[in-house]
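Quick notes on the structure that follows.
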Amino acid sequence: FNGYVSYSCSSTDVFFEMDKDLKKFQIKCLPDGSYEVPEIWPSCVKSVDCGEPYSPPIGGTREWYGDYQYGSTVVYTCGPYGRFSDSKGQLVSQMVAQCTWNKTWTPSDLPPCQATACQKVPVPPLSTLLEFQPDFDYNFTLRSEFAQYNPTLPLQMDFPGPSQCLPGYFLKVIGKVPQSAVKPAELVFHTEGGDEALHIVLKPNTKSIQMWSVHKDVRSAKQEGKQGRLSIDTEET
């Protein structure tokens with residue numbers, strides 16, 4: 001009587017769902033000769049699911065590859081014109097949330113964003129024939145060789161080049177597709193020879209992306225995705 005029997009997970013790659021650090025689960029032998037059997041037995045699992053991570057701040061970004069499992073991370077920013085203000089009042093460029101074993105994303109929320117620049121430049125009517133001009137005395141500009149502010153579509157721009165296609169790099173497009181848009185948004189990267197190095201079709205209404213390339217008039221197999229490395233985050237603006 002009053003002794004214990006112990007149970008442990010059957011292999012080293014699974015853990016107690018209720019506590020990853022728990023090595024064994026015990027039940028007690030009672031004076032009436034029976035064991036104190038739990039109503040619900042604990043389970044051993046390889047990982048846990050934290051569910052959907054929280055949305056990015058307004059005007060901010062969220063870099064997430066669609067993984068809900070333990071140890072997954074999500075990187076948040078306040079966008080190009082803001083920084084997070086932490087508990088010490090210091091400005092932080094990004095925050096990382098991680099899926100923990102208690103099935104929550106940690107930290108549980110984000111610190112407030114603090115503006116570091118005026119992000120929305122007033123746009124005069126086209127009839128005024130006024131054009132925004134960058135001021136190089138400030139730390140940012142809304143127009144450059146590879147960036148345009150409030151462009152008239154369709155728009156053709158130069159691409160920075162092969163340096164943007166190194167291993168570990170990825171393409172991020174921050175923008176907004178108006179709800180009144182009739183056609184999906186398309187991004188096409190042309191080579192000097194006229195081939196389509198990359199053709200992307202964004203369909204925010206169905207949260208999907210299509211991607212392909214064209215070489216010598218032959219189109220590659222179309223890739224399509226709704227999450228993961230080929231993804232669209234409708235929370236970003």
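Okay, here's what the table says:
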{"read-out": "Criterion: part of a loop (DSSP other than H, G, I, E, B), at pLDDT 85 or above and among the aliphatic types (A, V, I, L, M) - qualifying residue of Leu153, Leu110, Leu142", "value": "Leu110"}
{"read-out": "Wholly enclosed strands (runs of 3 or more DSSP E) of the stretch 177-218 bearing at least 1 residues among the β-branched types (Val, Ile, Thr), open to solvent by 50 Å² or more (accessible area, probe 1.4 Å) and under 17 Å from Leu155 (Cβ atoms)", "value": "185-190"}
{"read-out": "Out of Gly66, Gly71, sole residue that is assigned to a loop (DSSP other than H, G, I, E, B) and open to solvent by less than 20 Å² (accessible area, probe 1.4 Å)", "value": "Gly66"}
{"read-out": "Count of the stretch 43-58 residues which are loosely packed, with under 14 Cβ neighbours inside 10 Å, over 15 Å from the mean Cα position of the chain (by Cα) and either of a type outside the set (Ser, Thr, Tyr) or not in a loop (DSSP other than H, G, I, E, B) (or both)", "value": "2"}
{"read-out": "In the stretch 74-96, the residues that are among the polar types (S, T, N, Q), part of a loop (DSSP other than H, G, I, E, B) and farther than 30 Å from Lys46 by Cβ", "value": "Ser87, Gln90, Ser93"}
{"read-out": "Cross-chain or 6+ apart pairs with Cβ under 7 Å, the stretch 83-106 first and of a type in the set (A, V, I, L, M), then open to solvent by 50 Å² or more (accessible area, probe 1.4 Å) and not in a loop (DSSP other than H, G, I, E, B)", "value": "Leu91/Arg83; Leu91/Gln114; Val92/Arg83; Val96/Thr73; Ala97/Thr73; Ala97/Thr106"}
{"read-out": "Search result, residues across the stretch 46-69 that are free of Cβ contacts under 8 Å to residues at least 40 places away in the same chain and among the hydroxyl-bearing types (Ser, Thr, Tyr)", "value": "Ser47, Tyr68"}
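Yes or no, residue by residue, for (1) at pLDDT below 95; (2) in a loop (DSSP other than H, G, I, E, B); (3) not β-branched (Val, Ile, Thr):
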residue	(1), (2), (3)
Met18	yes, yes, yes
Asp21	yes, yes, yes
Val37	yes, yes, no
Arg62	yes, no, yes
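The values are calculated or read from the model by the stated rules, or taken from the named source; none is laboratory data. Owing to the predicted nature of the structure, the values given are computational and were not obtained by experimental measurement. Quick reminder, even Gly has a Cβ in these numbers, built from the backbone with ideal geometry, and neighbours come from all protein chains shown. Heads up: the accessible areas ignore ligands, DNA and RNA and are worked out on the full protein's heavy atoms, side chains in. Shrake-Rupley method; radii C 1.70, N 1.55, O 1.52, S 1.80 Å.
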